[in-house]
Amino acid sequence: MSAPRVLFVCLGNICRSPLVEGVARQRCAEAGLAVEVASCGTGHWHVGEGADLRMVHAAAAAGFDLSPHRARQLRAADLDAYDLVFAMDSDNLRGIQRFVTSRSRAETGLFLPWTGAAPPQDFPDPYYGGPEGFTACVALAERGVAGLIERLRRR
């Protein structure tokens, strides 16, 4: 069986989804779990840009390197290329569902509830807040990824 492919989706692909991708990549490797991870956004505003520097710094303080990240936009083909496509919040889940067809192979859903890490249901967007929001997101990402790893191990 091939490694599961997991895609994390937020709005601009510069804060939450690249964070969760980075945490998942590192924690899955540490756990010896073969998983392919990536991230994207439902919006196009930041395509080609790196992760928000506030998130880069918050992640680095916790030992996660987001510097290689470059934002990209969700494509219809992602629903066939990935096994699991997780939205960070309900708005972005609706954006993902616009691409779902009867032939789509990906399982879609909200990241935190799927991993058992909810509440909250929606992963909060720190973009318009202060630095403490970015730090809180790192802790939430770590909690969600721990649940993701446990659930993937049971598959």
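Can you name every residue in the stretch 34-55 that is in a helix (DSSP H, G or I) and in contact with a Pro (Cβ under 9 Å, 6 or more places away or on another chain)?
Selection gives 54, 55.
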Quiz item: Which number in (1) over 19 Å from residue 25 (Cβ atoms); (2) assigned to a loop (DSSP other than H, G, I, E, B); (3) not charged (D, E, K, R) marks the one condition that residue 108 misses?
Solution: (2)
Quiz prompt | Meets criteria (more than 14 Å from the chain's Cα centre (by Cα) and acidic (Asp, Glu)) for residue 65 | solution = yes
Quiz item: Taking the stretch 84-103 as the region of interest, how many residues are part of a loop (DSSP other than H, G, I, E, B), farther than 16 Å from residue 20 by Cβ and either among the aliphatic types (A, V, I, L, M) or in contact with a strand residue (DSSP E or B) (Cβ under 8 Å, 6 or more places away or on another chain) (or both)?
Solution: 1
Practice problem: Could you please find all residues in the stretch 122-146 being touching a helix residue (DSSP H, G or I) at 6+ places or on another chain (Cβ under 6 Å) and assigned to a loop (DSSP other than H, G, I, E, B)? | Solution: 122, 123, 126
Quiz prompt | Cross-chain or 6+ apart pairs with Cβ under 7 Å, the stretch 1-15 first and free of Cβ contacts under 8 Å to residues at least 40 places away in the same chain and surrounded by fewer than 17 Cβ atoms within 10 Å (Cβ to Cβ), then of a type outside the set (S, T, N, Q) and in a loop (DSSP other than H, G, I, E, B) | solution = 3/34; 3/35
Quiz item: Consider residue 29 against the criteria (1) under 23 Å from residue 106 (Cα atoms); (2) surrounded by 24 or more Cβ atoms within 10 Å (Cβ to Cβ): it satisfies all of them except one. Which criterion is unmet?
Solution: (2)
Quiz item: Which residues, taken from the stretch 43-83, are charged (D, E, K, R) and either within 14 Å of residue 23 (Cα to Cα) or at pLDDT below 95 (or both)?
Solution: 65
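The values are calculated or read from the model by the stated rules, or taken from the named source; none is laboratory data. The model shown is predicted, which means the values in this text are computed figures rather than measured ones. Quick reminder, even Gly has a Cβ in these numbers, built from the backbone with ideal geometry, and neighbours come from all protein chains shown.
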